[in-house]
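Take a look at the structure set out below.
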Amino acid sequence: SQQGEEDPQALSIQEGENATMNCSYKTSINNLQWYRQNSGRGLVHLILIRSNEREKHSGRLRVTLDTSKKSSSLLITASRAADTASYFCATDAGSNTGKLIFGQGTTLQVKP
Amino acid sequence: NAGVMQNPRHLVRRRGQEARLRCSPMKGHSHVYWYRQLPEEGLKFMVYLQKENIIDESGMPKERFSAEFPKEGPSILRIQQVVRGDSAAYFCASSPETWSEQFFGPGTRLTVL
């Protein structure tokens, strides 16, 4: 099974609402990163959170990390139609090379 | 400061031909990673390179696939004798050091007819 697994697989909300996506992983990590991918496009880096950090903010994004539960969450507040995309978490699975292990992603649809 | 550049953006090959995908990392980045994304799936790690060295190729298929990152010029992912199952989006990412943010290029979408 995947090192990173996102939940839910799909999420549909109205503009202005908050969206929460979760990610679970199996092994120890050095860091965890969240990415956004618009349909047919490349990945945009959102936030990197290190294993000794518990929470990070960037604009309307808030990421939490619970290493005891091996889980992370991405919260997007006051969502906009432009936030419609797939969101992926990726961990380095404690590797000494930094290679990322991606989950299957959460597809977010924000309705105007 | 230009981001990660990949070319071509789209590549069509017939079965048995060779595919060459190029990646120029961000300025100042010496670490390059290649990933493959099949339709409706997440990305899968293929290979990690630093200048002139392959550091980790644990995700590379054992045959037909090779990668290089020469002292001068872009990193190249080469697929020989392509098959239909190689059709995918191939993404390159670069970073300034091992455990920092990886920044992705726009990808090359390979279609094998």
Links exceeding 31 Å between C-alpha atoms in this model, out of A:LYS70/B:LYS27; A:LYS69/B:LYS62; A:LYS70/B:LYS51; A:LYS56/A:LYS111, come to A:LYS70/B:LYS27; A:LYS69/B:LYS62; A:LYS70/B:LYS51
Expressed per residue, the solvent accessible area of the protein assembly as shown in Å² (1.4 Å probe) is about 49 Å²
Between A:ARG80 and B:GLU41, the FRET efficiency computed from the C-beta separation at R0 = 25 Å comes out, to the nearest 0.05, as 0.40
Here the net charge surrounding A:ASN22, from other residues whose Cβ is less than 15 Å away from its Cβ (Lys, Arg +1; Asp, Glu -1), is -1
Low-density loop trypsin sites (Lys or Arg not before Pro), the stretch B:21-97, at most 10 other Cβ within 10 Å, DSSP non-H/G/I/E/B, are B:LYS27, B:LYS62, B:LYS71
Between the residues A:VAL44, A:ALA85, A:SER12, the Cα farthest towards the positive end of the dipole of the stretch A:1-104, that dipole coming from +1 and -1 charges on the beta-carbon of Lys, Arg, Asp and Glu, is from A:VAL44
Expressed in angstrom and ordered largest first, the alpha-carbon extents of the protein assembly as shown along the principal axes are 49, 37, 36
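To the nearest 100 Å², how much accessible surface do chains B and A cover up together, summed over both, with a 1.4 Å probe? Don't skip to the end; give the middle numbers.
Details: alone 6670 and 6050 Å², together 10960 Å².
For chain B against chain A, roughly 1800 Å² becomes buried.
Hand me the trypsin sites (Lys or Arg not before Pro) from the stretch A:1-65 located in a DSSP loop with no more than 16 other Cβ atoms within 10 Å, in residue order please. Each step should come with its number before you reach the end.
Numbers: sites: A:LYS26, A:ARG36, A:ARG41, A:ARG50, A:ARG54, A:LYS56, A:ARG60, A:ARG62; in loops: A:LYS26, A:ARG41, A:ARG54, A:ARG60.
Of the trypsin sites (Lys or Arg not before Pro), the ones in loops of the stretch A:1-65 whose Cβ has at most 16 other Cβ atoms within 10 Å are A:LYS26, A:ARG41, A:ARG54, A:ARG60.
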Site B:MET5, offset 7 angstrom along Cα→Cβ, radius 20 Å on amide nitrogen, limited to the stretch B:29-48, gives B:29-35
Long-range amide H partners of A:GLY103, meaning residues 5 or more apart or on another chain whose placed amide H is closer than 5 Å, are A:GLY4, A:CYS89
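First select every other residue whose beta carbon is under 11 angstrom from the beta carbon of B:ARG15; then total the charges, Lys and Arg +1, Asp and Glu -1. Before the final figure, lay out each step's value.
On the way: positive: B:ARG13, B:ARG14, B:ARG84; negative: B:ASP86.
Within the 11 Å Cβ shell, the charges total +2.
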Distance in nm between A:HIS57 and B:GLU101 label points, each 7 Å along Cα→Cβ, equals 1.8 nm
With every protein chain in place, the accessible area of A:ASP7 for a 1.4 Å probe, in Å² rounded to the nearest 10, comes to 90 Å²
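The values are calculated or read from the model by the stated rules, or taken from the named source; none is laboratory data. Because the structure is a prediction, the values reported are computed rather than measured. So basically every Cβ, Gly included, is an ideal-geometry build from the backbone, and we count neighbours across all protein chains shown. For accessibility, only protein heavy atoms count, side chains too; no ligands or nucleic acids. Shrake-Rupley method; radii C 1.70, N 1.55, O 1.52, S 1.80 Å.
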